[in-house]
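The values are calculated or read from the model by the stated rules, or taken from the named source; none is laboratory data. In this text the structure is predicted, and so the values were computed from the model without any measurement. Don't worry about glycine lacking a Cβ; one is built from the backbone with ideal geometry, like all the others, and counts go over all protein chains shown.
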Amino acid sequence: MSHKSIIDELDQKIQRAKDSLFTGVLAIGINNQVEWFFYFLVGQIVWANAHTHSKRRWHRQFLKYSSHLNRQTIKEIAHQAQNYKTVAQLVMHQKFSREHFSKIVRGCISEVLFDVIHSATLTAHTSESPLIYKVSTRNGANFPCIGLHREPIWEQVQQDWQNWQQANLVGYCPNLAPVITRPEILKERTSSDTFDALRYLANGTQTLRDLAVNTQQPLVALTQSLVPHMRRDLIKLVHVDDLSLKNHPQKQIATSPPKISEPNFSPARVKLNSKELALASCPSTQKGINHGPVITYIDDNPVDSQSMAEIFQGSGYRYVNIADPLKALPKLIELKPQLIFLDLVMPVVNGYELCAQIRRVSRLKEVPVIIMTNNNGIPDRVRAKVVGASGFLGKPIQAKQVLKVVIKHLQTSPATPIRQPYFSRLTPSVVS
């Protein structure tokens, strides 16, 4: 698929959402893995996020568009696991500028759209149609996104991509971080000032996008300045982790703090009030973060999967979503979960069939299996019992009901007890 075809395909999806006044989530994946999420409100993109660098992206846009805030304040906001909803609540209560919020959100949307084009372009030679799309509608009344000023975000992204192509940078990913690999040779071939500058920039901790913001240089120009050194293998691009919450405890921000002027705003000064904010974020999907008892959810719907992940975030349990029902059995055998949630309606294999297969596996025979569906009738419940299901939960997903099931079946588990101060459905999701 050509670059133009990829852009045309995305353009068609965005235009269709606009024409139909779509409100909901468009999930886009590559190589059968969902990677990017776009949130539409009445046909307009109002938020976007990805599994890669969600906190870095948020932090970077704050640095770029909210210079009136000090860096510590920006860091505290960016390290919120639930950053979009946190600041959106402040905007709605006139504690944060709507103009600044719009610029930050537009910046995030632009980066994610660019990443979709870039990733699809790099894999187009191995796949006729590298992108997959999944759509989930939402009730506008329960979709607390903030509308943006009507600005041509998509048109600007296409121009940014064209500039990236014309600069011959398609092979370079802006989410990678430059690092010096042969400092002694680089020092010999550059002036002392240039070497000192490169040593500061290319330290392997900041992505090209981070560096462009921190040095106030255009991304294309900055990357081009590093290309000659990368071609000589004096500098290489490496993967870098997202910003970590480990050393930055979350501070949830109350919606009605004492009146403060915007330049002096600091989350550290505001009282915590987790019950007043229904905060939502894209949960981390990095492997190895949590080594507690495993809870799996077999469902091909990325929105519901994220909702479940949000419920278990920070609970002490390791949550794993299995999106492909055909791969569920070997994955379950590998994971050895203590509890399985199973969606009823899936392609190729439905929940009843898969539950029956699970019960035929000796290692999984005693594992509780909870079937989840919108079809909450007596015949469905009876059939669920016949195939060996341990329970039945109706949709939409409700955190309290899910937690009751966990407590019932895993109350003797060594995992940290789940905190239950407040839970909400994921609206909007702003993933790990």
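In the set (1) basic (K, R); (2) closer than 19 Å to I153 by Cα; (3) at pLDDT below 90, R16 fails one condition alone, (3).
Applying the set (1) part of a loop (DSSP other than H, G, I, E, B); (2) at pLDDT 50 or above; (3) among the hydrophobic types (A, V, I, L, M, F, W, C) to I253 leaves exactly one unmet item: (2). Per this entry, P293 is not counted among residues that are within 23 Å of K134 (Cα to Cα) and at pLDDT below 85. Can you pull out every residue in segment 47-85 that is among the hydroxyl-bearing types (S, T, Y) and modelled with pLDDT under 70? The answer is S67, T73.
I'm trying to understand the selection: among the residues of segment 191-203, which are in a loop (DSSP other than H, G, I, E, B) and surrounded by fewer than 16 Cβ atoms within 10 Å (Cβ to Cβ)?
Passing the criteria: only S191.
M346 satisfies every condition listed in (1) at pLDDT below 85; (2) within 18 Å of the chain's Cα centre (by Cα) except (2). Taken over segment 18-56, the criterion of being in a helix (DSSP H, G or I) and more than 16 Å from L148 (Cα to Cα) is satisfied by D19, S54, K55, R56.
Would you say L332 is aliphatic (A, V, I, L, M), in contact with a Ser or Thr (Cβ under 9 Å, 6 or more places away or on another chain) and assigned to a strand (DSSP E or B)? So L332 fails the test.
Within segment 161-178, the residues that satisfy the criterion of being part of a helix (DSSP H, G or I) and crowded, with 16+ Cβ neighbours inside 10 Å are W161, W164. Among the criteria (1) touching a Ser or Thr at 6+ places or on another chain (Cβ under 8 Å); (2) crowded, with 22+ Cβ neighbours inside 10 Å; (3) outside any loop (DSSP other than H, G, I, E, B), the one P337 does not fulfil is (3).
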